Amino acid sequence: MPAIPVGGLVPRAVEDAADIVVRNAKIHTGDARRLEAGALAIRDGVITVVGDDPDVAPVIGPSTVVVDALGRRVVPGLNDAHLHVIRGGLNYVLELRWDGVTSLRRALAMLREQAARTPRGQWVRVVGGWSAEQFAERRLPTPAELNEAAPDTPVFVLHLYQSAILNRAALRAVGYTRDTPDPKGGQIVRGRGGEPNGMLLAAPSALVLYSTLAKAPVLEGEDRATSTRHFLRELNRFGLTSAIDAAGGFQSFPENYATVTELAREGLLTLRIAYHLFPQTPGQELDDLTRWIETVRPGDGDAWLRLNGAGENLTWAAADFENFAEPRPELGSYEGEFEKAVRLLTEHGWGFRLHATYDETIRRDLAVFEKLAAEGLFPAGNRWLFDHAETVSRDSLDRIAALGGSLSVQNRLSFQGEVFTRRYGLGAAAEAPPIRAMLERGLTVAAGTDATRVSSYNPWVALHWLVSGRTVGGSAIRPPQNRVDRATALAMYTTAGAALTGEQDVKGVLRTGCYGDLAVLSEDYFTVPEPEIPSIESLLTVVGGRIVHAAAEYEGMDEELPPVSPGWSPVAHFGGYQASGRTCGAGARQAELLGEVVTESQLHHRWRVERGLADEHHQPFAPCFLL
Ligand SMILES: [Zn+2]
């Protein structure tokens, strides 16, 4: 691309010419030594100049790409510290995403349209990223509605870790009948005649949901790579440039890592990924960990793809399910195997992340860590952290700090805040998780989403939750004293994640010598009204000096991508996250959408009042403004 002389900057031959220059910008560097800047230059993937327009002028050569930010806000590339990005990539183009959809009516219309184009033998699947609370109707679809929308195509709709709804064709495809027994910790809901009615409940284990989904067809060959590339570009659309992968169920090493490894080898990743390894089979966890310790090491890889340790599960028996619609699960005795696993890791210099939702679990884990610490084994300088920690107590936070641990929090309560509040009350919800208490102790607290099967991957929804304490349904759950300011939230989404992978010297801030990872935002995150934060997108995303996403004035400047394959993929027709920002902002469409939502809200509000599900005086609002 030829250099464009703009703002009086005339390209000339220079030896150390930048590959890319961003100028006329409002840059939030994240670097305390120089928090604001107007321009920066990147060469060989690394930032070489941070300053103002006159400072970058000398490094603009004939082949330098000059981006005029038009006065827009630029931030360091975002880093989701807990994202199931590798698994998400392998499935992305097979999924119909309801992320950001504001009415059930629209969601069902998408489903109907997708079912019509889905070939025989394939499914329509909606796998997380949404909550009934985001719909104007405030409810789930019924099996009957799925049957009506898709009479012949199997449909699987996952709602959080709570339930799944299947249509008749899907029940046939998975072979569930009146004789199928309920799996352990799960329920196949039956009608009067004993036949499954299409509802599956996690009670409280989500295994029934995932093992059913695992019966659906998967992508093969080249389609896996294409799917992964499109997912990474979808993340780039929101300004993400890094993620820490949390592995996950049905995500085996090394098989399910082959696609991402191959893409890294070919230089085709557009998101930096640090990944963790997660034993898959109950009873064989120690065998898996031992095998991995013998064959790979944390830190293996490069700036794009690297191993960061074990987790988020170390042993299955220690995992508490975060289904807030059900009582907290009582875990059996798990300390024996768990201690062996942690001992093995710490003895071999491995760090780890550990899934733990409830303080009851965290206290038991800490007792094991403290026992090992007394032997001088823990933490031995390795990085380790708790994931989630929604109900962690202050006492446990002190113990985590004493052992040198960190935390990673996600906006799971953006999607489950209402159900959590109904079960545990406003007082507990106000502290779920106690973010300010974590930060006050000087702990590293990184933020993320836990996408793709519960939360959406949209980082701006998570940032909005951190700042406002509000759910996607608009309920203000965390009070001001447990919210953080915008700069702190952004730091949790940038520098804190870099610290969890030991990359704090090269990532998370815009400083000379750091990676050229940044996003030019559609709106100024620091000044936009709070309810509009979830609608922010990136207009230009740069990773390692490469333009990996470009929209609006920058359209066409990004690297090319092969088309979505297979062609019937929902992503080919709907894309991923259904951004409401643009539709909300555009005159006629806004009025139309508002009208639709208000009618729906009033209709369903009346329906709910009649059934005692809502009180008469509570006015429904238009979620269009909130998400
Ligand atoms: Zn988890």
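Of all lysines in the structure, those lying under 23 Å Cα to Cα from K215, and not within fewer than 8 positions of it along the same chain, are K184. Considering only P534, I547, S565, and ranking their Cα positions along the charge dipole of region 477-576 that arises from unit charges at the beta-carbon of Lys, Arg, Asp and Glu, the one farthest toward the positive end is P534.
Using the rule -39500 (n - 2.57) for each DSSP H run of four or more residues, divided by the residues of the chain, the 222 nm mean residue ellipticity is -9500 deg cm²/dmol. Evaluated at q = 0.16 Å⁻¹, a Debye calculation over the C-alpha positions of region 68-188 (equal weights, vacuum) places log10 I(q)/I(0) at -0.86. Other residues whose C-beta falls under 9 angstrom from the C-beta of A437 contribute a net charge of +1, scoring Lys and Arg +1 and Asp and Glu -1.
For K371, a cut-off of 28 angstrom between C-alpha atoms picks up these lysines, skipping any fewer than 8 places away in its own chain: K340. List every residue whose amide H lies under 5 Å from the amide H of S406, counting only residues 5 or more places away in sequence or on a different chain, with H placed 1.01 Å from N in the peptide plane. HN-HN under 5 Å from S406: W384, L385, F386. Sorting the segments 238-244, 65-71, 373-379 by their residues' average number of neighbouring beta-carbon atoms within 10 angstrom, most packed first, yields 238-244, 65-71, 373-379. Return the long-range amide H neighbours of N197 (sequence gap of 5 or more, or a different chain), with a cut-off of under 5 Å between placed amide H atoms. Residues meeting the criterion, in which the H sits 1.01 Å from N, are V189, R190, G191.
At most 16 other Cβ atoms within 10 Å and a DSSP loop assignment: could you name the chymotrypsin sites (Phe, Trp or Tyr not before Pro) in region 296-402 that fit? The partial results should precede the final answer.
On the way: sites: W304, W316, F321, F324, Y334, F338, W350, F352, Y358, F369, W384, F386; in loops: W304, F321, F324, Y334, W350, Y358.
Nothing satisfies the criteria.
Here the residues K507, K340, ranked from fewest to most Cβ neighbours within 10 Å of their Cβ, fall in the order K340, K507.
Most exposed first by the Cβ proxy, i.e. fewest other Cβ within 10 Å, how do L207, L232 rank? Provide the component values of the computation, followed by the final result.
Values: L207 16, L232 29.
Ascending number of Cβ neighbours within 10 Å: L207, L232.
When the chain is described by a simple charge dipole with +1 on each Lys and Arg Cβ and -1 on each Asp and Glu Cβ, the residue from A69, A149, L377 located farthest towards its positive end is A149.
For the pair region 160-191 / region 421-470, the C-alpha centres are spaced 31 Å from each other.
Give the whole-number value, in cubic angstrom per residue, of the convex hull volume spanned by the C-alpha atoms of the chain.
Values: hull volume 96.8 nm³, N = 627.
So the per-residue Cα hull volume is 154 Å³.
In a DSSP loop and with at most 14 other Cβ atoms within 10 Å, the GluC sites (Glu not before Pro) in region 282-367 are E330. Specify which residue in the list G283, T212, A389 is farthest towards the positive end of the charge dipole of the chain, using unit charges on the beta carbon of Lys, Arg (+1) and Asp, Glu (-1), about the Cα centre. Going by the Cα projections, it comes out as T212. Each of K371, K26 has some number of other Cβ atoms within 10 Å of its Cβ, and from fewest to most they run K371, K26. Just how large is the dipole of region 157-227 about the Cα centre, in debye to the nearest 20, putting +1 at every Lys and Arg Cβ and -1 at every Asp and Glu Cβ? For this selection, approximately 340 debye. Put a plus charge on the Cβ of each Lys and Arg, a minus charge on the Cβ of each Asp and Glu, and nothing anywhere else: the dipole of the chain about its Cα centre is then about 1080 debye. Distance from the Cα centroid of region 350-373 to that of region 58-129 is 34 Å (rounded to whole angstrom). Among the GluC sites (Glu not before Pro) found in region 202-250, those both in a DSSP coil and sparsely packed, with 12 or fewer other Cβ atoms within 10 Å of their Cβ, are E220. Could you compute the net charge surrounding A225? Neighbours are other residues with a C-beta less than 10 Å from the C-beta of A225; K and R count +1, D and E count -1. In short, -2.
Cα convex hull of region 257-364: mean projected area in nm², to one decimal?
Numbers: hull surface 32.7 nm².
If I average the Cα hull's projected area over directions, I get 8.2 nm².
Annotation: amide H of T357 within the under-5 Å range of D320, A389, sequence separation 5 or more or interchain, hydrogens built in the peptide plane.
Straight-line reach from K26: taking Cα to Cα under 20 Å and skipping same-chain neighbours fewer than 8 places apart, the lysines in range are K507.
Each reported figure results from applying straightforward, stated rules to the coordinates on display, with no laboratory input. Just so it is clear, the structure is predicted and the values come from calculations on it, not from any experiment. Every residue, glycine as well, gets a Cβ built from its backbone with ideal geometry; the counts of neighbours run over all protein chains shown.
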